[in-house]
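Visitor: Here it is, the structure, as structure tokens.
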Amino acid sequence: MENVLRPLIVIGGSVLLTLVIGWATDMLLRKADGRHHETPLWGLLRRGRIPYQLVICAALLRGAYDEARVLREHRVGIGQALTLTLIGATAWLVIRIAAAIVETTYTRYARASRDPARVRRVRTQVTLITRVVAAVVGVVAVAAMLLTFPPMRAAGASLLASAGILGIVAGVAAQSTLSNMFAGLQIAFGDMVRIGDTVVVDGEWGTVEEITLTFLTVRTWDERRITMPVSYFTSKPFENWSRGGAQMTGIVYWHLDHSAPMEEMREKLRDILRECPAWDGRACDLTVTDSTPNTMQVRALVTAKDADDIWTVRVTVRERMIQWLSEKHPHALPRVNTADASLPPGTNGSRPSTPDGAPRRAHEPPRTGR
């Protein structure tokens, strides 16, 4: 009877005590979250209740397993498994706590700051810091797990002796990965590009959606995702439309006939912009920027508060101006001129003739008298 009750009391008591402690801790965090609405820390800490309970349960079972007196022939293996579980759960809990603290700090900063660019920069840095902490804690946890095996402890001296050579070999083998990691840190703390920035990369316009230590994801306007190594942004030029402020100036071009009514077009442009909610009212202009034998190039300058609105303003102005020209001034649209060329002043409109009065044929050189 003792062989049944003892394991049941030890194992069942450890599990029950774990559940009670976990429930009590969760209740305290829930009450703290309800009292302190100004900070999300207590609510974020509740995300770590699963690793927290695993740590408690593994620690209780590891300390009380010998008292259970069950499966003694596998005592070493079970103790090793409980130790590995304890280390892994502890690392998981540390990552959750660190993420909660970092996220709380970012939330407070975002509420206090009125500069969207600074908020995006801090968001990028916070994301990469969280990933770095998770990577470091994971590496330390794996190393601690390996050191629990006696053969690994015995090989520690030889591993340390060859660490220099292994480091050089690993650095050469992982040169691309390491360069991307350092590029990710450079992007995060160098404020080159931030999460939420509008960028143009290889002719693709989109918004930076995710930045990691090795790659960066750009979400395009048509919902595609472009994944690029972060080293690209430190080695090649790219357009960052959110750098230095979100306000933007857009350009709309038309190729029109030389008879296009410029003054009426300027009035129509102002009317279109007044009816466009995306226009911020800062500036508008319409000028002739180039001319060819058949058409002239007309450019309109418009402004908006960000990249999304400038796109809306440009397409609205382009569409409504063409519609207005086609309805009110169709002669202003480009066309193929098939009429005869105008003759110079003083000519009678007839074909040039030769000195003897005969009409000159096409491509016939003029005759000269002797």
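The values are calculated or read from the model by the stated rules, or taken from the named source; none is laboratory data. Model, not experiment: these values are computed from the prediction. Positions of Cβ are generated from backbone atoms using ideal geometry, with glycine treated the same way; all protein chains shown enter the neighbour counts.
Visitor: Starting from segment 74-94, keep only residues that are farther than 14 Å from MET145 by Cα, then list their pairs with residues that are of a type in the set (A, V, I, L, M, F, W, C) and modelled with pLDDT under 80 whose Cβ atoms are within a distance under 7 Å, requiring at least 6 positions of separation or different chains.
Guide: If the second residue must be of a type in the set (A, V, I, L, M, F, W, C) and modelled with pLDDT under 80, the pairs left are ILE78/LEU71.
Visitor: From the set of residues in segment 221-236 that are more than 10 Å from the chain's Cα centre (by Cα) and over 15 Å from MET192 (Cβ atoms), which is modelled with the highest pLDDT?
Guide: Result: ARG224.
Visitor: Could I ask something else about it? Might you let me know whether segment 282-300 holds any residue that is buried (at least 18 other Cβ atoms within 10 Å of the Cβ) and either modelled with pLDDT under 90 or outside the structural domain of VAL315 (by TED's automatic domain parsing) (or both)?
Guide: yes
Visitor: Looking at segment 45-76 only, could you name the residues that are modelled with pLDDT under 80 and part of a helix (DSSP H, G or I)?
Guide: Residues satisfying the conditions are ARG62, GLY63, ALA64, TYR65, ASP66, GLU67, ALA68, ARG72, GLU73, HIS74, ARG75, VAL76.
Visitor: Does segment 207-226 hold any residues that are farther than 21 Å from VAL133 by Cα, assigned to a strand (DSSP E or B) and among the hydrophobic types (A, V, I, L, M, F, W, C), and which are they?
Guide: VAL208, VAL218, ILE226
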